[in-house]
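The values are calculated or read from the model by the stated rules, or taken from the named source; none is laboratory data. Keep in mind it's a predicted model, so treat the numbers as computed, not measured. Glycine gets a Cβ as well: all are built from the backbone with ideal geometry, and neighbour counts include every protein chain shown.
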Amino acid sequence: MQNRATRTLIPAIAWFWVLSPAAAQQPPDSLQYQSDFLSVALAPDQPAIVSLSLDSLGKKKLGPNPLRPPGAAGTKFILGHHGSTFSYRAAGTAATSPPAWTFEISNRGIHMRSEYSADHPVPPLVLNFDTHLNHATLLGLMNAEGNVRLPALLHMPDQGTLRITSNTAEEVILGYNAERFHKPRQSEDYVKVTFPAASAARPLRDYTLEVVTIFPGPADLAEDPRFDGFRRNWLNIFQLSPHYRALANNAASDVCAFTLFEYSAVAKQTPPLAPGLTALDIVRQTLDRYLQGMKGYGITGYVFDDPTNPYDYTDTYPSLLIAASDYFEGSKDKSWLKRNYAGLKDWATKLLGMDKDGDGLIAYPESGNSGSWSHKLLPPPLQFSKHAANWWDDIGFGDKDAYGNALAYRALLDMANMAKQAGHREDSDLYFSRAEKLHAVYFNTFFNPATGVLGGWRSADGVLHDYYFTFVNGVAITYGLVSPKVGNELMDHLLTKMREVGYTHFEYGLPGNLIPIRRDDYLEPRGEWGGAEKEDGTDGFQIYENGGASACYVYFMIQALYQLGRHEEADAILFPMLRAFEDRGFQGIGPNGRSYDWKAWDGTPYGYEGLLVDGYMTLLAVLSR
């Protein structure tokens with residue numbers, strides 16, 4: 001919803017022919033406009049935006065500018081202006097002819113108009129974002145080329161959102177492209193958004209970019225500055241890949257089938273993005289891509305026939321089914337459900353087929369036995385000989401996986417409901433009975449009486465592998481696999497262990513595990529990714545998935561605490577994270593070339609995505625307070 005706390009103010013606005021202190025990162029000789037909500041700089045020699053930063057909350061928290069400078073102008077332009085309206089005409093064009101581009105900038109937006117001239121072709125307007133400064137994304141419905149139809153949102157994580165609309169009657173499509181070159185601090189990494197210019201076929205192009213704040217929840221959230229990070233960053237979890245035409249880790253990164261349920265959970269709570277556009281529409285668009293056969297990470301054959309990924313992950317089909325249920329429940333789109341029921345049933349059949357011995361639990365084909373993971377590195381781009389069972393793929397999850405089974409339980413319940421709604425009562429009964437069967441054996445399979453918490457996986461040799469996994473226990477409680485009484489006992493032991501090991505930096509998120517992963521249970525041999533030379537894994541501890549801190553999956557710990565009525569303990573984790581979200585603590589590249597989506601317990605960055613959207617599911621816990 002709109003930020004109800006933001007009132008109409010007389011803005012502090014100024015145009016600068018030279019740089020002001022507030023515009024320290026702008027190119028020389030640019031023209032800058034600044035209000036409480038946005039800062040925009042235009043080039044003096046061509047129709048181009050050379051600087052753009054937002055503060056959707058209107059608190060003057062602007063910058064840094066993530067735009068790369070435009071290339072050299074192929075045509076000489078004459079700039080004219082009246083007040084805050086600026087127009088560009090090609091040199092030699094009569095003053096009475098229409099401008100190639102006109103910009104009218106106001107307190108909360110930019111209005112852009114392009115008009116065609118037969119004498120001089122009009123160049124498009126391109127915003128070229130440096131993803132090491134901001135992982136901007138374009139959110140909307142896409143065509144087959146990966147471009148985006150209006151209305152749409154240009155979202156800049158940790159800054160804010162521009163809603164883009166057009167007054168022209170015809171369909172308007174923005175160009176959209178992104179690339180990541182898989183090396184730290186590559187200057188070529190980009191997200192590009194292209195606004196087509198007027199042409200002979202379309203002699204007028206019109207665009208309105210309006211600063212908006214979109215978030216759910218009661219109105220008093222807008223009055224409490226503790227929730228600024230929640231309101232500003234609610235949309236951060238949605239990053240749309242132009243290459244895959246689907247939601248992804250970020251716009252220039254991978255699509256992961258096993259994370260779609262995180263996006264859908266947030267989308268289900270998100271107010272409309274624009275007239276005729278919802279976050280659930282974008283989830284549906286992504287589901288349709290998977291239903292049409294798109295491969296994602298976690299599905300065998302993603303990108304190429306990768307020998308390190310010979311099996312579907314245990315959390316892949318649960319994630320897709322939960323996301324489908326969230327879409328249906330949120331949209332009430334029964335026609336979509338009936339049209340795609342066969343595809344959903346195929347996913348459910350594959351999920352049930354993972355129960356290899358009929359005990360009710362799904363299992364991964366790799367044994368998960370200690371020492372069964374090869375540490376031999378393969379030639380790039382491969383890293384090691386095989387992957388583990390789920391999202392935490394550097395940790396040796398194999399055979400019967402507590403995390404994957406928790407998601408499977410939720411997915412089977414959701415599938416039972418979708419089957420019922422689609423008129424397939426017999427299928428519904430099957431999925432419900434299989435969910436109950438899983439539930440009946442879950443706790444006894446994964447509970448470790450020696451530690452008092454749920455372990456991560458029980459390997460084929462019968463050994464339970466327990467490293468005090470925060471996310472495993474959190475998701476089991478959240479999804480109802482244990483009673484509240486048992487849930488409280490699990491949390492008592494888990495939080496006692498957290499205090500014992502001395503983890504207190506909740507502004508970094510939480511470690512996935514509280515004690516080191518032994519070398520024989522960790523796939524990655526390289527120290528910079530948490531691999532260890534010592535058998536006990538201590539020399540790799542606190543790095544990446546080997547106990548590194550992240551916002552990823554912290555939602556489940558906080559949510560579990562709220563469900564158990566332990567609000568003070570939940571708040572103790574949530575509010576430092578909210579401050580970190582507001583302070584841009586989980587995006588960007590550190591001095592060591594690694595990104596802040598993973599950190600050691602002293603704050604040293606050990607991530608690689610630059611922005612990893614999974615962590616922003618944490619914001620969903622605010623609605624449970």
Members of segment 585-625 that are touching an Asp or Glu at 6+ places or on another chain (Cβ under 9 Å), part of a strand (DSSP E or B) and within 23 Å of VAL501 (Cβ to Cβ): ASP597, TRP598, PRO605, TYR606, GLY607
Can you find a residue in segment 566-577 that is at pLDDT 95 or above, at positive phi and in the same structural domain as GLY474 (by TED's automatic domain parsing)? no
Exactly one of TYR302, TYR313 is outside any helix (DSSP H, G or I), under 30 Å from SER367 (Cβ atoms), touching a Lys or Arg at 6+ places or on another chain (Cβ under 6 Å) and in the same structural domain as ASP414 (by TED's automatic domain parsing), and that residue is TYR302
For segment 420-438, does any single residue satisfy the condition of being free of Cβ contacts under 8 Å to residues at least 24 places away in the same chain, hydrophobic (A, V, I, L, M, F, W, C) and farther than 29 Å from TRP529 by Cα? yes
State which residue is nearest to HIS132 (Cα to Cα) when the search covers only segment 167-177 and only residues that are modelled with pLDDT of 95 or more and out of contact with any Ser or Thr (no Cβ under 7 Å at 6 or more places or on another chain). ASN177
Considering only segment 422-438, state which residues are among the basic types (Lys, Arg) and within 14 Å of ALA408 (Cβ to Cβ). ARG434, LYS437
Does segment 107-117 contain any residue that is without any contact (Cβ under 8 Å) to a residue 12 or more places away in the chain and of a type in the set (S, T, N, Q)? no
Scope segment 483-518; condition more than 19 Å from ARG566 (Cβ to Cβ), in a helix (DSSP H, G or I) and within 25 Å of the chain's Cα centre (by Cα); matching residues: GLU507, TYR508
Single unsatisfied condition, ASN249 versus (1) surrounded by fewer than 23 Cβ atoms within 10 Å (Cβ to Cβ); (2) of a type outside the set (D, E, K, R); (3) over 23 Å from GLY610 (Cα atoms); (4) at pLDDT 95 or above: (3)
For segment 412-430, does any single residue satisfy the condition of being assigned by TED's automatic domain parsing to the domain that holds GLN563, of a type outside the set (Val, Ile, Thr), within 30 Å of ALA342 (Cα to Cα) and touching a helix residue (DSSP H, G or I) at 6+ places or on another chain (Cβ under 7 Å)? no
Taking segment 593-608 and the residues there that are of a type outside the set (Phe, Trp, Tyr) and in contact with a Pro (Cβ under 9 Å, 6 or more places away or on another chain), the one that is nearest to GLN542 (Cα to Cα) would be LYS599
Residue check, TYR522 against (1) closer than 30 Å to SER374 by Cβ; (2) in contact with a Lys or Arg (Cβ under 7 Å, 6 or more places away or on another chain), all met but one. Which one? (2)
Test of understanding: among GLY531, GLY548, GLY593, GLY527, which residue is in contact (Cβ under 8 Å) with a residue 24 or more places away in the chain, in contact with a helix residue (DSSP H, G or I) (Cβ under 7 Å, 6 or more places away or on another chain), in the same structural domain as GLY474 (by TED's automatic domain parsing) and of a type outside the set (Lys, Arg)? GLY531
Looking at segment 347-367 only, could you name the residues that are part of a helix (DSSP H, G or I) and either more than 18 Å from ALA416 (Cα to Cα) or not small (Gly, Ala, Ser) (or both)? TRP347, THR349, LYS350, LEU351, LEU352
Checked pairs for segment 336-362, first in contact (Cβ under 8 Å) with a residue 12 or more places away in the chain, second surrounded by fewer than 20 Cβ atoms within 10 Å (Cβ to Cβ) and among the charged types (D, E, K, R), C-beta under 6 Å and 6 or more apart or across chains, list as GLY360/LYS437; ILE362/ASP355
Tell me, please, whether a residue that is free of Cβ contacts under 8 Å to residues at least 24 places away in the same chain and either farther than 22 Å from GLY298 by Cβ or not β-branched (Val, Ile, Thr) (or both) can be found in segment 385-407. no
Checking the structure you have, find out if any residue of segment 212-224 is touching an Asp or Glu at 6+ places or on another chain (Cβ under 9 Å) and modelled with pLDDT of 95 or more. no
Being surrounded by fewer than 21 Cβ atoms within 10 Å (Cβ to Cβ) and among the hydrophobic types (A, V, I, L, M, F, W, C) is the filter; apply it to segment 253-274 and report the residue that is farthest from MET294 (Cα to Cα). ALA274
Mind checking which residues of segment 89-105 are assigned to a strand (DSSP E or B) and modelled with pLDDT under 95? ARG89, ALA90
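So that you can scan it fast, the table gives a plain yes or no per residue for (1) of a type outside the set (Phe, Trp, Tyr); (2) farther than 12 Å from PHE195 by Cβ; (3) outside the structural domain of ILE164 (by TED's automatic domain parsing):
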site	(1), (2), (3)
GLY92	yes, yes, no
THR102	yes, yes, no
ARG113	yes, no, no
TYR116	no, yes, no
ASP119	yes, yes, no
VAL122	yes, no, no
THR131	yes, yes, no
ASN134	yes, yes, no
Test: GLY480 is of a type in the set (Gly, Ala, Ser) and within 27 Å of LEU413 (Cα to Cα): yes
Subset of segment 87-116 (residues that are hydrophobic (A, V, I, L, M, F, W, C) and farther than 25 Å from ALA200 by Cβ): ILE105, ILE110
Odd one out for LEU578, checked against (1) assigned to a helix (DSSP H, G or I); (2) under 26 Å from the mean Cα position of the chain (by Cα); (3) farther than 26 Å from PRO157 by Cβ: (3)
Of everything in segment 569-589, what is buried (at least 18 other Cβ atoms within 10 Å of the Cβ) and of a type in the set (A, V, I, L, M)? Give them in sequence order. ALA570, ILE573, LEU574, MET577, LEU578, ALA580, ILE589
